[in-house]
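Beneath this line is the structure, given in structure tokens, with notes to follow.
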Amino acid sequence: MIDLQPVRVVVLGIAMALLGTLAHPAEDDAADISLAGLRLGQQVAGPAVSPETLAHRVVVLEFWGVNCPPCLRSMPALEQLHREHAAAGLAVIGAHAQAAAPDEIRQVVEQLGVTFPIVDSATVEGGMGFSGIPHCMVFDHTGACVYRGHPGQAHEVILAAVRSSPASVLEGRSLVKLAPLAGQLRDEGTFGAVLRKAQVQTASKDQQVAEEAEYVADRLEAYGRRLLDNAERARDDDPVLAIHYVQRCAAAYRGTDLGRQAGKLAAEWKKDESFQQGIEAARRCRTLEVARERIVKSLGDPDEITPELAARVPQGLRRQLAATAATVQRLAPGSASAERAEAIAREFGLSEPVQP
């Protein structure tokens, strides 16, 4: 555990089973906490999140920090949880809980490949009495806190909450005449097929069937539009995330107008040279970050790359790093990828040409 005092407390954490050896019993005062007491603070990265977007969802709130190694190890597992269960009603929020600039937080988030929302300075009324991170809070679809404590014991609690919640796209409503459709809506891949069925059943002579079908169709169309809106918002700053949303929409809504819109947008972006350069820059930046991780590990995981340590990196490898960083900046000047590449180059003293 990392001591938070006097570090500023904020919100989120889940190490899951891989941190099970570090787990300790959940705190027993979860019943005194509810999602209504969450204050999200400032948005730092990922899709916009608000109390409205969290309604009727299972919410995992994890306190973490860029200078907390156990927290960083938990983030990829948390991302996998997010990708696998978001459509079934899970909302994951990473709340940064240490002193760090937003740019520094975003760089770490990008490096980790995290796509769920990241906030800073979040609090939960009655729930800020913990002293270390990572720290996890799990709220069920009614807003009740069903777990708080070390993330190592949270995994099964989260899955149980997701299994017992209505499909999030229905926003808390239970279907009567169209109950079989509700079960299908736990899988985002079925959305297109369910939307087509619902559109047909809006013409049913059974008034309740028609009304439920119209509700399902409206909710599914709104969800698809949010995916496309998220893609458009991320287009310039994070083209990899933007194409991720477009591809999700195209796959989920295959055979519908929304799926065709997503396919059209993907085709347009494929022809957009600047967008494709942004994609390539992001990929090369990731290659640069992987190389950095390996170099730092070979140097003994120092807290800082001093000029003396940088000088120990073989000249051939330094030239490769410098060339990759320069390519990223050339492909997408001013982008988040370019800023990250420049930071890595500066860290290893590569702003000047490396001598042969």
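Give the order of 256, 327, 53, 115 when sorted by the count of other beta carbons within 10 angstrom, beginning with the fewest.
So the residues, fewest neighbours to most, are 53, 327, 256, 115.
Just report the Cα centroid separation between segment 311-336 and segment 226-246, whole Å.
26 Å
Could you identify which residue out of 243, 118, 305 has the top mean-square fluctuation in a GNM of the chain using Cα springs shorter than 10 Å?
Among 243, 118, 305, the largest GNM mean-square fluctuation belongs to 305.
Given a Förster distance of 22 angstrom, what is the FRET efficiency for residue 42 paired with residue 247, based on the Cβ-Cβ distance and rounded to 0.05?
Numbers: r = 29 Å, r/R0 = 1.31.
Efficiency, from the Cβ-Cβ distance: 0.15.
By per-residue mean of other Cβ atoms within 10 Å, what is the highest-first order of 307-317, 33-43?
Output ranking for 307-317, 33-43: 33-43, 307-317.
Please compute the alpha carbon radius of gyration of the chain, then divide it by the globular-protein estimate 2.2 N^0.38 Å. Two decimals is fine.
Numbers: Rg = 22.5 Å, N = 356, 2.2 N^0.38 = 20.5 Å.
Its radius of gyration relative to the 2.2 N^0.38 Å reference: 1.10.
Given the peptides 133-139, 288-294, arrange them by the average over their residues of other C-beta atoms within 10 Å, most packed first.
My ranking of the peptides, most packed first, is 133-139, 288-294.
For segment 205-356, just the Cα atoms, rotate onto the principal axes and tell me the three extents in Å, largest first.
Principal axes ranked by extent give 79, 33, 20 Å for the Cα atoms.
I need the calculated FRET efficiency for the pair residue 296 and residue 211, taking r as the beta carbon distance and R₀ as 35 Å, to the nearest 0.05.
Details: r = 59 Å, r/R0 = 1.68.
Efficiency for this residue pair is about 0.05.
Stretched out fully, how many nm does the piece from residue 274 to residue 121 gain, at 0.36 nm a residue minus the Cα gap?
Working: separation 153, 0.36 × 153 = 55.08 nm, distance 3.49 nm.
Taking 0.36 nm per residue and subtracting the Cα distance, the gain is 51.6 nm.
I need 223, 245, 253, 215 ordered by Cβ neighbour count within 10 Å, fewest first.
Ordered by Cβ neighbours within 10 Å, fewest first: 215, 223, 245, 253.
Mean residue ellipticity at 222 nm from the helices of the chain, using -39,500 (n - 2.57) per DSSP H segment of n ≥ 4 over the full residue count, to the nearest 500 deg cm²/dmol? Can you show the working numbers first?
Numbers: 13 runs with 174 residues, N = 356.
Taking each H run of at least 4 residues, the total per residue is -15500 deg cm²/dmol.
Using Cβ-Cβ distances only, list the Cys residues of the chain with no partner cysteine under 4.7 Å, sorted by number.
136, 145, 249, 285
What residue among 86, 160, 213 shows peak mean-square fluctuation when the chain is described by a Gaussian network model with Cα springs under 10 Å?
160
State, to one decimal in nm, how far the label point of residue 164 lies from the label point of residue 177, with both points 7 Å from Cα in the Cβ direction.
Reported label-point gap for residue 164 and residue 177 is 3.1 nm.
None of the figures in this text is laboratory data; all of them are computed from the coordinates on show. What you see is a predicted model; the values in this text were computed from it and never measured. Here Cβ is always computed from backbone atoms with ideal geometry, including for glycine, and neighbour counts include all displayed protein chains.
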